[in-house]
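Have a look at the structure below before the remarks.
The values are calculated or read from the model by the stated rules, or taken from the named source; none is laboratory data. From a predicted model like this one, the values you see are computed outputs, not experimental measurements. Note: ideal-geometry Cβ built from the backbone for every residue, glycine included; neighbour counts use all protein chains shown. Only protein heavy atoms, including side chains, enter the accessible area calculation; ligands, DNA and RNA are left aside. Shrake-Rupley method; radii C 1.70, N 1.55, O 1.52, S 1.80 Å.
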Amino acid sequence: MKAITTKDAHAQFTNYLKDKKRSTSTIVAYGKDIAQLVSFLEELSKHHVHDVTKEDIESFLAKLSKKGYTPKSISRKLNSARTFYRFLKINEYVTDDPSLLVAHPQYQLAAPRMLTPTEYRALRDAARNDPRMFAVIELLLQTGIRIGELASLKISDVQKDTLRVPSIENHQERTIPLNTRAKEALDRYLEVRPKTKSDHLFITKSGKAFLIRNIRTAVERYFR
(Lines give C-alpha, C1' and ligand atoms only; values in the text may rest on other atoms or scores of the structure.)
Protein backbone atom coordinates (compact mmCIF):
# COMPACT_ATOMS: atom_id res chain seq x y z
CA MET A 1 0.00 0.00 0.00
CA LYS A 2 1.35 3.43 -0.99
CA ALA A 3 1.02 6.42 1.33
CA ILE A 4 -0.70 9.58 0.14
CA THR A 5 -2.26 12.60 1.83
CA THR A 6 -5.95 13.35 1.43
CA LYS A 7 -5.13 16.61 -0.39
CA ASP A 8 -2.81 14.91 -2.87
CA ALA A 9 -5.31 12.10 -3.37
CA HIS A 10 -8.01 14.67 -4.16
CA ALA A 11 -5.79 16.33 -6.78
CA GLN A 12 -4.90 13.00 -8.38
CA PHE A 13 -8.56 11.95 -8.37
CA THR A 14 -9.51 15.11 -10.28
CA ASN A 15 -6.80 14.42 -12.87
CA TYR A 16 -7.99 10.82 -13.13
CA LEU A 17 -11.52 12.00 -13.99
CA LYS A 18 -10.13 14.36 -16.62
CA ASP A 19 -8.05 11.55 -18.14
CA LYS A 20 -11.19 9.42 -18.29
CA LYS A 21 -12.82 12.30 -20.21
CA ARG A 22 -15.66 12.66 -17.76
CA SER A 23 -17.91 15.66 -18.36
CA THR A 24 -16.97 19.04 -16.90
CA SER A 25 -20.05 19.02 -14.68
CA THR A 26 -19.16 15.58 -13.31
CA ILE A 27 -15.58 16.64 -12.55
CA VAL A 28 -16.79 19.82 -10.82
CA ALA A 29 -19.42 17.95 -8.80
CA TYR A 30 -17.05 15.19 -7.66
CA GLY A 31 -14.34 17.75 -7.00
CA LYS A 32 -16.55 19.82 -4.70
CA ASP A 33 -17.88 16.77 -2.87
CA ILE A 34 -14.42 15.34 -2.18
CA ALA A 35 -13.07 18.80 -1.27
CA GLN A 36 -15.76 18.97 1.43
CA LEU A 37 -14.82 15.51 2.67
CA VAL A 38 -11.10 16.35 2.72
CA SER A 39 -11.75 19.59 4.61
CA PHE A 40 -13.80 17.71 7.22
CA LEU A 41 -11.12 15.03 7.60
CA GLU A 42 -8.49 17.70 8.19
CA GLU A 43 -10.63 19.02 11.03
CA LEU A 44 -10.30 15.54 12.53
CA SER A 45 -6.54 15.59 11.87
CA LYS A 46 -6.94 12.75 9.38
CA HIS A 47 -4.35 13.80 6.81
CA HIS A 48 -3.79 10.45 5.09
CA VAL A 49 -6.40 8.41 3.27
CA HIS A 50 -5.50 5.16 5.02
CA ASP A 51 -6.36 6.75 8.38
CA VAL A 52 -10.01 7.34 7.46
CA THR A 53 -12.64 5.10 9.05
CA LYS A 54 -16.31 4.30 8.49
CA GLU A 55 -17.13 6.44 11.54
CA ASP A 56 -15.31 9.43 10.04
CA ILE A 57 -17.43 9.28 6.88
CA GLU A 58 -20.61 8.84 8.93
CA SER A 59 -19.66 11.90 10.98
CA PHE A 60 -19.11 13.85 7.76
CA LEU A 61 -22.57 12.93 6.47
CA ALA A 62 -24.13 13.71 9.87
CA LYS A 63 -22.58 17.18 9.79
CA LEU A 64 -24.04 17.77 6.33
CA SER A 65 -27.46 16.74 7.62
CA LYS A 66 -27.22 19.24 10.49
CA LYS A 67 -26.29 21.95 8.00
CA GLY A 68 -29.55 21.34 6.12
CA TYR A 69 -28.45 19.13 3.24
CA THR A 70 -31.26 16.94 1.91
CA PRO A 71 -31.03 13.12 2.10
CA LYS A 72 -30.74 13.07 -1.70
CA SER A 73 -27.73 15.44 -1.64
CA ILE A 74 -26.10 13.46 1.17
CA SER A 75 -26.62 10.23 -0.78
CA ARG A 76 -24.94 11.82 -3.82
CA LYS A 77 -21.94 12.84 -1.70
CA LEU A 78 -21.64 9.29 -0.41
CA ASN A 79 -21.61 8.08 -4.01
CA SER A 80 -18.82 10.57 -4.72
CA ALA A 81 -16.87 9.19 -1.75
CA ARG A 82 -17.30 5.65 -3.07
CA THR A 83 -16.05 6.67 -6.51
CA PHE A 84 -13.10 8.35 -4.81
CA TYR A 85 -12.31 5.19 -2.86
CA ARG A 86 -12.55 3.01 -5.97
CA PHE A 87 -9.85 5.24 -7.44
CA LEU A 88 -7.75 4.87 -4.27
CA LYS A 89 -8.03 1.08 -4.34
CA ILE A 90 -7.15 0.87 -8.03
CA ASN A 91 -3.99 2.84 -7.32
CA GLU A 92 -3.20 0.84 -4.18
CA TYR A 93 -3.46 3.79 -1.80
CA VAL A 94 -5.88 1.83 0.41
CA THR A 95 -6.74 -1.83 0.85
CA ASP A 96 -10.17 -1.34 2.44
CA ASP A 97 -13.03 0.94 1.47
CA PRO A 98 -14.78 2.38 4.56
CA SER A 99 -17.39 4.12 2.40
CA LEU A 100 -18.94 0.75 1.50
CA LEU A 101 -19.80 0.22 5.17
CA VAL A 102 -21.83 3.46 5.31
CA ALA A 103 -25.54 3.22 4.56
CA HIS A 104 -27.29 5.62 2.20
CA PRO A 105 -29.98 7.86 3.75
CA GLN A 106 -33.52 6.92 2.76
CA TYR A 107 -35.44 9.23 0.42
CA GLN A 108 -38.09 9.01 -2.27
CA LEU A 109 -37.54 10.12 -5.84
CA ALA A 110 -40.23 12.36 -7.25
CA ALA A 111 -41.73 11.07 -10.47
CA PRO A 112 -40.70 13.09 -13.54
CA ARG A 113 -43.36 15.53 -14.71
CA MET A 114 -44.10 16.25 -18.35
CA LEU A 115 -44.86 19.79 -19.50
CA THR A 116 -48.48 20.45 -20.32
CA PRO A 117 -49.21 21.86 -23.80
CA THR A 118 -49.84 25.26 -22.18
CA GLU A 119 -46.53 25.16 -20.29
CA TYR A 120 -44.74 24.04 -23.44
CA ARG A 121 -46.04 27.02 -25.42
CA ALA A 122 -45.54 29.45 -22.53
CA LEU A 123 -41.90 28.43 -22.02
CA ARG A 124 -41.12 28.97 -25.71
CA ASP A 125 -42.93 32.32 -25.73
CA ALA A 126 -41.18 33.52 -22.56
CA ALA A 127 -37.74 33.10 -24.14
CA ARG A 128 -38.63 34.32 -27.63
CA ASN A 129 -36.77 37.65 -27.24
CA ASP A 130 -33.58 35.95 -26.03
CA PRO A 131 -32.01 34.24 -29.09
CA ARG A 132 -29.55 32.16 -27.08
CA MET A 133 -32.04 30.84 -24.54
CA PHE A 134 -34.71 30.40 -27.19
CA ALA A 135 -32.27 28.16 -29.13
CA VAL A 136 -31.37 26.28 -25.93
CA ILE A 137 -35.01 25.67 -25.08
CA GLU A 138 -35.93 24.69 -28.64
CA LEU A 139 -33.11 22.15 -28.79
CA LEU A 140 -34.09 20.64 -25.46
CA LEU A 141 -37.77 20.46 -26.42
CA GLN A 142 -37.39 19.41 -30.04
CA THR A 143 -34.51 16.92 -29.79
CA GLY A 144 -34.70 15.56 -26.25
CA ILE A 145 -30.94 15.87 -25.68
CA ARG A 146 -29.65 16.18 -22.12
CA ILE A 147 -28.47 19.51 -20.70
CA GLY A 148 -24.96 18.09 -20.30
CA GLU A 149 -24.93 17.11 -23.96
CA LEU A 150 -26.22 20.52 -25.00
CA ALA A 151 -23.52 22.29 -22.97
CA SER A 152 -20.78 20.25 -24.67
CA LEU A 153 -21.93 21.02 -28.24
CA LYS A 154 -19.45 22.67 -30.59
CA ILE A 155 -20.27 24.86 -33.60
CA SER A 156 -19.00 22.09 -35.87
CA ASP A 157 -21.64 19.75 -34.45
CA VAL A 158 -24.38 21.75 -36.19
CA GLN A 159 -24.88 20.40 -39.69
CA LYS A 160 -27.40 21.45 -42.33
CA ASP A 161 -30.35 19.44 -41.01
CA THR A 162 -28.74 17.36 -38.27
CA LEU A 163 -26.97 17.73 -34.96
CA ARG A 164 -24.01 15.60 -33.90
CA VAL A 165 -24.28 14.88 -30.18
CA PRO A 166 -20.82 13.98 -28.85
CA SER A 167 -20.14 11.04 -26.56
CA ILE A 168 -20.41 12.09 -22.92
CA GLU A 169 -19.96 9.85 -19.90
CA ASN A 170 -21.75 6.57 -20.71
CA HIS A 171 -23.79 7.96 -23.61
CA GLN A 172 -22.61 7.18 -27.12
CA GLU A 173 -22.12 9.73 -29.87
CA ARG A 174 -25.13 10.02 -32.15
CA THR A 175 -26.56 12.17 -34.91
CA ILE A 176 -30.13 13.43 -34.61
CA PRO A 177 -32.32 15.30 -37.11
CA LEU A 178 -33.17 18.97 -36.63
CA ASN A 179 -36.74 19.94 -37.36
CA THR A 180 -37.68 23.36 -38.71
CA ARG A 181 -38.23 24.95 -35.29
CA ALA A 182 -34.87 23.83 -33.92
CA LYS A 183 -33.02 24.81 -37.09
CA GLU A 184 -34.59 28.28 -37.24
CA ALA A 185 -33.82 28.91 -33.57
CA LEU A 186 -30.18 27.88 -34.04
CA ASP A 187 -29.76 30.03 -37.16
CA ARG A 188 -31.20 33.04 -35.34
CA TYR A 189 -28.83 32.53 -32.39
CA LEU A 190 -25.76 32.05 -34.60
CA GLU A 191 -26.45 35.39 -36.27
CA VAL A 192 -25.99 37.22 -32.94
CA ARG A 193 -23.55 34.84 -31.21
CA PRO A 194 -20.59 36.85 -29.82
CA LYS A 195 -17.40 36.64 -31.86
CA THR A 196 -14.91 34.56 -29.91
CA LYS A 197 -12.19 31.93 -30.29
CA SER A 198 -14.29 29.46 -28.28
CA ASP A 199 -15.73 26.66 -30.39
CA HIS A 200 -18.52 25.95 -27.91
CA LEU A 201 -21.90 26.44 -29.53
CA PHE A 202 -23.49 28.16 -26.55
CA ILE A 203 -21.36 30.80 -24.85
CA THR A 204 -21.71 33.73 -22.47
CA LYS A 205 -21.40 37.39 -23.43
CA SER A 206 -17.71 37.23 -22.45
CA GLY A 207 -17.12 34.30 -24.82
CA LYS A 208 -16.85 31.56 -22.20
CA ALA A 209 -18.70 28.25 -22.38
CA PHE A 210 -22.29 28.34 -21.12
CA LEU A 211 -22.07 25.93 -18.16
CA ILE A 212 -24.64 23.29 -17.25
CA ARG A 213 -25.63 24.86 -13.95
CA ASN A 214 -26.11 28.26 -15.62
CA ILE A 215 -28.17 26.73 -18.43
CA ARG A 216 -30.38 24.97 -15.89
CA THR A 217 -30.81 28.15 -13.85
CA ALA A 218 -31.72 30.17 -16.96
CA VAL A 219 -34.27 27.59 -18.15
CA GLU A 220 -35.86 27.51 -14.69
CA ARG A 221 -36.04 31.31 -14.65
CA TYR A 222 -37.91 31.38 -17.94
CA PHE A 223 -40.14 28.54 -16.79
CA ARG A 224 -41.15 30.51 -13.69
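Pairs of alpha-carbon atoms within less than 8 angstrom and 6+ residues apart define the contacts here; what relative contact order does the chain have, in percent?
In percent, rounded to a whole number, it is 18.
Which trypsin sites (Lys or Arg not before Pro) in the range 44-108 sit in a loop by DSSP (not H, G, I, E or B) and have at most 10 other Cβ atoms within 10 Å of their own Cβ?
Passing sites in the range 44-108 are 67.
In debye, nearest 20, what is the charge dipole magnitude of the range 160-215 about its Cα centre with +1 on Lys and Arg Cβ and -1 on Asp and Glu Cβ, if you could check?
240 debye
Could you give the dipole magnitude of the chain about its Cα centre, charging the beta-carbon of Lys and Arg +1 and that of Asp and Glu -1, in debye to the nearest 20?
Computed about the Cα centre, the dipole is about 680 debye.
For the range 148-224, state which chymotrypsin sites (Phe, Trp or Tyr not before Pro) are in a DSSP loop and have at most 10 other beta carbons lying within 10 Å of their beta carbon.
Loop-located and lightly packed - none at all.
Relative to the longest principal axis of the C-alpha atoms of the chain, give the angle of the C-alpha long axis of helix 24-43, reported between 0 and 90° and rounded to the nearest 10°.
Tilt of helix 24-43: around 30 degrees.
Using a probe of 1.4 angstrom, how much of the accessible area of the range 58-191 is carbon and sulfur, in percent?
Carbon and sulfur atoms account for 50 percent of the accessible area of the range 58-191.
Tilt of helix 212-223 relative to the longest C-alpha principal axis of the chain, in degrees (0 to 90, nearest 10)?
50 degrees
Kindly provide the chymotrypsin sites (Phe, Trp or Tyr not before Pro) of the range 67-150 that DSSP labels as loop, not H, G, I, E or B, and whose Cβ sees at most 15 other Cβ atoms within 10 Å.
107
Expressed as an acute angle from 0 to 90° and rounded to the nearest 10, what is the orientation of the C-alpha long axis of helix 117-126 relative to the principal long axis of the chain?
Taking the Cα atoms of the chain, the angle to 117-126 is about 80 degrees.
Excluding ligands, DNA and RNA, what is the solvent-accessible area per residue of the chain at a probe of 1.4 Å, expressed in Å²?
I get 60 Å² per residue for the chain.
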